[in-house]
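Student: Once you've had a glance at the structure underneath, I'll fire off some questions.
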Amino acid sequence: QLQASGGGLVQAGGSLRLSCAASGRTFIRYTAGWFRQAPGKEREFVGTMAWGASDNDYADSVKGRFTISRDNAKNTVYLQMNSLKPEDTAVYYCALSLGYSRPGGVQTRYDYWGQGTLVTVSS
């Protein structure tokens, strides 16, 4: 199971850090991803971190502002979000891909999904 947390209300320009903790399955050697779904829109790709940690991919819309990191000892993946914009408002989901090192935004390549955590950015 994946448990996402850390969402909340923040003003534009602020920062939040989301966490995704895994139980029953380790993140080590698997790729963790983050997606988001804004109201009335489809779920979209945010970024991924492969187990090698050097193969991170990010959506153009968050590149340079969001960073994915991992704490293997805690079996937790993080999404650090800086310079937040109102358009970043969404429910954020973490996901785990067992079979792909770089699954990118192809959601069918992910095997486990967290329940989502809401991020609201006010202008």
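Student: Give me the distance in nm between label points sitting 7 Å out from Cα along the Cα-to-Cβ direction at Ser69 and Ser15, one decimal.
Tutor: It is 0.9 nm.
Student: Can you list residues from other chains, or at least 5 along the same chain, whose modelled amide H is less than 5 Å from the amide H of Tyr112?
Tutor: Leu96
Student: Which of the aspartates and glutamates could a cross-linker span from Lys41 if the Cα-Cα distance has to be under 14 Å and same-chain partners fewer than 8 positions apart are dropped?
Tutor: Cα-Cα hits under 14 Å: Glu87, Asp88.
Student: Still on this structure: Order of 44-51, 1-8 by packing, highest average Cβ count within 10 Å first? Present the calculation step by step, with values, prior to reporting the outcome.
Tutor: Values: 44-51: 20.9, 1-8: 16.0.
Going from most to least packed, we get 44-51, 1-8.
Student: Carbon-plus-sulfur fraction of the accessible area of the chain, 1.4 Å probe, in percent? Walk me through the intermediate numbers first.
Tutor: Details: 2870 of 6220 Å².
About 46 percent, which is the carbon plus sulfur part of the accessible surface.
Student: Follow-up question, since we're still on this one. Give the accessible surface of the stretch 1-99 per residue, rounded to a whole number of Å², with probe radius 1.4 Å and ligands, DNA and RNA excluded. If you can, show how the numbers build up before the last one.
Tutor: Working: 4810 Å² over 99 residues.
With the other protein chains kept in place, the stretch 1-99 gives 49 Å² per residue.
Student: Here's another thing I want to ask about it. Show me, for the stretch 99-108, the HN-Hα J-couplings you get by feeding each phi into the Karplus relation (A = 6.51, B = -1.76, C = 1.60, θ = phi - 60°), rounded to Hz, glycine and proline as x.
Tutor: x, 10, 7, 9, x, x, x, 7, 5, 6
Student: Run the numbers on the stretch 1-82 and let me know its relative contact order in percent, using alpha-carbon pairs under 8 Å that are six or more apart. Don't skip to the end; give the middle numbers.
Tutor: On the way: 143 pairs, mean separation 25.6, N = 82.
Normalised by residue count, the contact order of the stretch 1-82 is 31 percent.
The values are calculated or read from the model by the stated rules, or taken from the named source; none is laboratory data. Computed from a predicted model, the values in this text were never measured in an experiment. Every residue, glycine among them, receives a Cβ derived from its backbone with ideal geometry; neighbour counts consider all protein chains shown. In case anyone asks, the SASA skips ligands and DNA or RNA and just uses the protein heavy atoms, side chains included. Shrake-Rupley method; radii C 1.70, N 1.55, O 1.52, S 1.80 Å.
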